[in-house]
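S.K.: First, the structure itself, so that you have it in front of you.
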Amino acid sequence: MSAKPISLTRFLIQEQHAGHINADLRLLIEVVARACKSISTAVGKGALGGVLGDAGTGNVQGEAQKKLDVLSNEILLEANEWGGHLAGLASEEMEHSHPIPNAYPKGNYLLLFDPLDGSSNIDVNVAVGTIFSVLRCPDGITEPGDEHFLQPGSAQVCAGYTLYGPSTVLVLTVGRGTHAFTLDREQGSFVLTREHIQVPPETKEFAINSSNQRHWFEPMQRYVLDLVAGKDGPRGKDFNMRWVASMVADVHRILTRGGIFSYPLDAKCRDKGGKLRLMYEANPMSFLVEQAGGAASTGRQRMLEVQPQHLHQRVPVFLGSKREVEAAVRYHAEHDAAR
């Protein structure tokens, strides 16, 4: 990194000058970043801002919404409607995609977002975040519907998340590595603090919700049993378990020091296809992790090759250090081969 601080805006302009992104994508990312700064301010106020607690409403997933879920969704919608860079938006909190109002100019991109991931942690002051993904709008489409968002993760042109923790950090990829920007609160701008992040290929840490163990299927039972067996087990080394229950926080730890994040298909979520949303969580996080040298899978398929069937599709997720993701996939392949 240069000794002179590089702002997000400067970084994006340099990418544009190098021909890696165009002006519309640069401006779109800047709009999303500004919206995330507003969300960061609201999260930081906590009880002082009157934003804690339930909103008294439910989202399309049938989940109770927090006040900050609703506020974050509104901030992202309002910020991105009028910029002229988008043809449409889709949010985890809304049943259908949201077209750009005819009163505003339209662009050639589609934006998907989880406005506040890990919102169950808000009231206990644990890190939460915003996840976003950008796709190209198909040629000739001026009024995109839900079906136009159904592109595999490999089609993403940009993905990122903002972590609202002790510091606010924006992690971003435009397909040329994964980079982290920390919000300088005095200056009001994101500054490049980690460039070309690399996830170590090997790890001794895993993240999983172990309270679901009784619901896991056989390959997952075997895999985790071998992890906790430690150096005396078949894996030959001791593993530590870490679990924040905020995907943004868990993935950020992996991008910082390695590890594997797992949310497998189990008996509890089998009818839904998985726990996490493909379009709003799994795809953008997988893009970021792959760009950092890691891997991402459903356990049986590379995540970025999954063809979405509907806007709120759920999938099993394994992502992080490449060798460990490969090990988890191997347990599933061996189980399937023995059937």
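S.K.: Could you look through the range 143-173, keep only residues that are farther than 23 Å from GLN309 by Cβ and part of a loop (DSSP other than H, G, I, E, B), and pick out the one that is modelled with the highest pLDDT?
M.R.: Among those that are farther than 23 Å from GLN309 by Cβ and part of a loop (DSSP other than H, G, I, E, B), it is SER167.
S.K.: Now for a different question. Consider ALA333 against the criteria (1) touching a helix residue (DSSP H, G or I) at 6+ places or on another chain (Cβ under 6 Å); (2) assigned to a helix (DSSP H, G or I): it satisfies all of them except one. Which criterion is unmet?
M.R.: (1)
S.K.: Could we say that SER189 is within 22 Å of LEU25 (Cβ to Cβ), in contact with a strand residue (DSSP E or B) (Cβ under 6 Å, 6 or more places away or on another chain), open to solvent by 10 Å² or more (accessible area, probe 1.4 Å) and small (Gly, Ala, Ser) here?
M.R.: Spelling it out, SER189 is indeed within 22 Å of LEU25 (Cβ to Cβ), in contact with a strand residue (DSSP E or B) (Cβ under 6 Å, 6 or more places away or on another chain), open to solvent by 10 Å² or more (accessible area, probe 1.4 Å) and small (Gly, Ala, Ser).
S.K.: Can you pull out every residue in the range 3-12 that is in contact with a helix residue (DSSP H, G or I) (Cβ under 7 Å, 6 or more places away or on another chain) and surrounded by fewer than 17 Cβ atoms within 10 Å (Cβ to Cβ)?
M.R.: THR9
S.K.: Further question: List pairs: first in the range 189-200 and at pLDDT 95 or above, second part of a loop (DSSP other than H, G, I, E, B) and open to solvent by 80 Å² or more (accessible area, probe 1.4 Å), Cβ under 7 Å, 6+ apart or cross-chain?
M.R.: If the second residue must be part of a loop (DSSP other than H, G, I, E, B) and open to solvent by 80 Å² or more (accessible area, probe 1.4 Å), the pairs left are VAL191/PRO5; LEU192/MET1; GLU195/MET1.
S.K.: Run down ARG222, ARG235, ARG214 and say which single residue is part of a loop (DSSP other than H, G, I, E, B) and more than 23 Å from VAL126 (Cβ to Cβ).
M.R.: Working: ARG222 fails: part of a loop (DSSP other than H, G, I, E, B); ARG214 fails: part of a loop (DSSP other than H, G, I, E, B).
Result of the check over ARG222, ARG235, ARG214: ARG235.
S.K.: Please give the number of the condition VAL244 fails out of (1) out of contact with any Gly (no Cβ under 9 Å at 6 or more places or on another chain); (2) in a loop (DSSP other than H, G, I, E, B); (3) closer than 30 Å to PRO166 by Cα.
M.R.: (1)
S.K.: For the range 201-218, state whether one or more residues are open to solvent by 80 Å² or more (accessible area, probe 1.4 Å) and modelled with pLDDT under 95. Steps first, answer last, please.
M.R.: Filtering the range 201-218 for residues open to solvent by 80 Å² or more (accessible area, probe 1.4 Å) gives 202, 204, 213-214, 218.
From what is left, the residues that are modelled with pLDDT under 95 are none.
No, that holds for no residue.
S.K.: I'm trying to understand the selection: among the residues of the range 224-278, which are of a type in the set (Asp, Glu) and in contact with a helix residue (DSSP H, G or I) (Cβ under 6 Å, 6 or more places away or on another chain)?
M.R.: Result: ASP238, ASP266.
S.K.: Let me ask something else about it. For the range 174-188, give me the residue count where each residue is at pLDDT 95 or above and in contact with a helix residue (DSSP H, G or I) (Cβ under 8 Å, 6 or more places away or on another chain).
M.R.: Summing the residues that are at pLDDT 95 or above and in contact with a helix residue (DSSP H, G or I) (Cβ under 8 Å, 6 or more places away or on another chain) in the range 174-188 gives 9.
S.K.: Within the range 174-188, which residues are in contact (Cβ under 8 Å) with a residue 60 or more places away in the chain and either in contact with a His (Cβ under 6 Å, 6 or more places away or on another chain) or outside any strand (DSSP E or B) (or both)?
M.R.: VAL174, GLY175, ARG176, GLY177, THR178, GLY188
The values are calculated or read from the model by the stated rules, or taken from the named source; none is laboratory data. Note that the coordinates shown come from a computational prediction; the quantities given were computed from them, not determined experimentally. FYI the Cβ positions are ideal-geometry reconstructions off the backbone, even for glycines, and counts take in every protein chain you see. We work out accessible area using only protein heavy atoms, side chains counted, and drop any ligands, DNA or RNA first. Shrake-Rupley method; radii C 1.70, N 1.55, O 1.52, S 1.80 Å.
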